[in-house]
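Peer 1: The structure is given below, and queries will be raised subsequently.
The values are calculated or read from the model by the stated rules, or taken from the named source; none is laboratory data. Just so it is clear, the structure is predicted and the values come from calculations on it, not from any experiment. Every residue, glycine as well, gets a Cβ built from its backbone with ideal geometry; the counts of neighbours run over all protein chains shown. Heads up: the accessible areas ignore ligands, DNA and RNA and are worked out on the full protein's heavy atoms, side chains in. Shrake-Rupley method; radii C 1.70, N 1.55, O 1.52, S 1.80 Å.
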Amino acid sequence: MRTAVRKLALTVPPLRRLYEFAMFHAQGHAESQRQLQELSVVYARTLEELGLANNSVAESRRRHEALELQLYVMRSDHQRAAVRNEALSCALSELETQTSQSASVEQLFSQLTEKITAGFQAQHESLGALHQVLSSSSLHVQDYGLTQSKLLGKLTMLASEVATIKKTAEDVSEGQGTRYLDLLENSLTGLLWNDAPMDPWSKSFDPEVRAIGRDWPTSAFTMIGSARLRNFRMLIEQAISEQVPGDILEAGVWRGGACILARAVLAVHHIEDRRVWVADSFEGLPPPDPKYPSDAGDAHSTFTQLQVSLEEVQENFRRYGLLDEQVGFLKGWFKDTLPKAPIDALSVLRLDGDMYSSTIETLEALYSKVSVGGYIIIDDYILKGCREAVHDFRRAASINDEIHDVDGAAVYWKKTRQ
């Protein structure tokens, strides 16, 4: 790219990462063009061979339809890459213009992130039509969704770095706090030592999969991944900056990693009048309740890996020097503990209960305590039961606040009215 952009990228690490991110996907677009051309040639040659061989009509039709579907998939990939690349090209072009005019780095990042986000949104919408076609075929769609989630996760991480550039440049102590929280994130997710996954579907450690929380770490203290952990941190800091009153609560904590980060954020910002509430059964997830048909057949209660004791979570806080009077523990099933929890107000409410029952019970008990301007994070929106609970609750409460994607699995929204 042009000299002005490269010079700025070298001086600001987050910008360099965003620049490399853009260039990587621009190259991906060129590769998709090449693959599309190759497949088109194979497609034409195969159709010609089918006609010459004059084999059975059924077999010819089957191969013909398979090739048409494959070609459609490639064309769809190409179109999505074109949309994405156009957004990146426009963004980088404007970045060069703004750089030459000595615009602030913060403004450059804001505009660049906005444009890239718009490109990914267009790409995300186009995936819907492709999935409908593939759902009736023998091809699998999992890889498409995972790739999309990885991109969204990276964008979440980059967007959060944008917000810290100006602050860390002006305040050395804030820069030190940011570096501490960055290091803490990498430790809590196991990225510091490439912590191997223990789930049955992962073959080996993959940092991109860990970043979006799609595996279960062996020894790390959180399984939500870097993008969702950064989102939690970013929203807590936003609530502090906007002086939204209330504590922070996570319902469903596993080994406590996200809550450990939340307590560290309060410490870095010298906040002494808020608490972090750690809500969990500390015995795993409950068996499906017939009261909630959406949970029928749910197997989460059978996973012993999800059963972490209260004492173990408290010890994890102690290891980081963050177990004190600003951390409160609510032990028991959500339906029993949350309605009577000694909480007046919440600025950030994070739900990680996987099931319909856990999600709806948490929202019914605590949503009214979230302050206007506060945030609600749904970790398991990718799961059908959880997603249905969110929609049912929002519909019943007439909530129309915009839902924002985090990494293709989790979402959040900002509460705009009581």
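Peer 1: Using only protein heavy atoms and a 1.4 Å probe, report how much of D298 is accessible, in Å² to the nearest 10.
Peer 2: Probe radius 1.4 Å; accessible area of D298 about 40 Å².
Peer 1: Quick one: net charge around E250, please, counting Lys, Arg +1 and Asp, Glu -1 for every other residue with C-beta under 10 Å from its C-beta.
Peer 2: Once all neighbours under 10 Å are counted, the net charge is -2.
Peer 1: Only residues of the stretch 331-348 count here: report those whose backbone N is under 15 Å from the spot 7 Å along Cα→Cβ of K291, or say none.
Peer 2: Those under the cut-off are 333-340.
Peer 1: Let me ask another. At a 1.4 Å probe radius, which order do W333, W216 fall into by accessible area, largest first?
Peer 2: From most exposed to least exposed: W333, W216.
Peer 1: Find the relative contact order for the stretch 250-396 and round it to a whole percent, using C-alpha pairs within less than 8 Å whose residues are 6+ positions apart.
Peer 2: Values: 224 pairs, mean separation 37.1, N = 147.
Reported as a whole number, the value is 25 percent.
Peer 1: Moving on. At a probe size of 1.4 Å, how large is the accessible area of K384, to the nearest 10 Å²?
Peer 2: Accessible surface of K384 is approximately 130 Å².
Peer 1: Which entries of K291/K384; K291/K331; K203/K331; K203/K335; K335/K384; K331/K415 have Cα-Cα distances beyond 25 Å here?
Peer 2: Numbers: K291/K384 17 Å; K291/K331 22 Å; K203/K331 34 Å; K203/K335 37 Å; K335/K384 20 Å; K331/K415 27 Å.
Beyond 25 Å: K203/K331; K203/K335; K331/K415.
Peer 1: Spelling out what I want: for every residue of the stretch 318-327, take phi, set θ = phi - 60°, compute 6.51 cos²θ - 1.76 cosθ + 1.60 (Karplus), and round to whole Hz; glycine and proline get x.
Peer 2: Working through the residues one at a time gives 5, 4, 9, x, 10, 9, 8, 5, 8, 10 Hz.
Peer 1: Taking all protein chains together and a probe of 1.4 Å, list S371, S204, S301 from the most accessible to the least accessible.
Peer 2: Largest accessible area first, the list is S204, S301, S371.
Peer 1: Let me ask something additional. Quick check: from the Cα gyration tensor, does the stretch 328-397 come out rounded (a/c under 1.5), prolate or oblate? Present the calculation step by step, with values, prior to reporting the outcome.
Peer 2: Working: a/c = 1.72, a/b = 1.25, b/c = 1.37.
The shape class here is oblate.
Peer 1: Taking the highest mean first, how do the peptides 257-263, 398-404 order by number of other beta carbon atoms within 10 angstrom per residue?
Peer 2: 257-263, 398-404
Peer 1: Given H placed on each backbone N at 1.01 Å, which residues far from V327 in sequence or on other chains put an amide H within less than 5 Å of it?
Peer 2: Amide H to amide H, under 5 Å and 5 or more residues apart or across chains, V327 pairs with V276.
Peer 1: I'd like the FRET efficiency for L183 and D401, computed as 1/(1 + (r/R0)^6) with the beta carbon distance as r and R0 of 41 Å, rounded to 0.05.
Peer 2: Calculated value: 0.80.
Peer 1: Can you give me the long-range amide H partners of E250? Hydrogens built in the peptide plane at 1.01 Å from N, cutoff under 5 Å, separation of 5 or more residues or another chain.
Peer 2: For E250, the qualifying residues are W277, A279, R350.
Peer 1: 5 Å is the cut-off here: which amide hydrogens, built 1.01 Å from N in the peptide plane, fall below it relative to G374, excluding neighbours closer than 5 in sequence?
Peer 2: Long-range HN contacts for G374: K415.
Peer 1: Counting Lys and Arg as +1 and Asp and Glu as -1, what is the net charge of the other residues whose Cβ lies under 11 Å from the Cβ of P288?
Peer 2: -2
Peer 1: Okay, moving on. Shape of the stretch 282-364 from its Cα gyration tensor (a ≥ b ≥ c, root eigenvalues): rounded if a/c is under 1.5, otherwise prolate when a/b > b/c, or oblate?
Peer 2: Values: a/c = 2.61, a/b = 1.41, b/c = 1.85.
Oblate, because a/c is 1.5 or more while a/b does not exceed b/c.
Peer 1: Above 19 angstrom, tally the Cα pairs of the stretch 271-418 and express them as a % of all pairs, no decimals.
Peer 2: The share of Cα pairs beyond 19 Å in the stretch 271-418 comes to 56 percent.
Peer 1: Pop out the ³J(HN,Hα) list for the stretch 407-418 in order, Karplus 6.51 cos²θ - 1.76 cosθ + 1.60 with θ = phi - 60°, rounded to Hz; leave Gly and Pro as x.
Peer 2: In residue order, the calculated couplings are 8, x, 10, 9, 9, 8, 9, 9, 6, 10, 8, 6 Hz.
Peer 1: Shifting gears a bit: With θ taken as phi - 60° and the coefficients 6.51, -1.76 and 1.60, list the Karplus ³J(HN,Hα) couplings across the stretch 377-390 in order, rounded to whole Hz; mark glycine and proline as x.
Peer 2: 10, 10, 5, 9, 4, 5, 8, 4, x, 4, 4, 5, 4, 4
Peer 1: From the gyration tensor of the Cα coordinates in the stretch 207-273, what semi-axes in whole Å does the equivalent ellipsoid have, largest first, with each one equal to sqrt(5λ)? Can you show the working numbers first?
Peer 2: On the way: eigenvalues 115, 30, 18 Å².
With the √(5λ) rule applied to the stretch 207-273, the semi-axes are 24, 12, 10 Å.
Peer 1: So what's the net charge close to D379: Lys and Arg +1, Asp and Glu -1, counting the other residues with Cβ under 11 Å from its Cβ?
Peer 2: -3
Peer 1: Next up: From a point 7 Å beyond the Cα of W193 in the direction of its Cβ, which residues of the stretch 295-316 have a backbone N at a distance under 19 Å?
Peer 2: Only 312-316 pass the distance filter.
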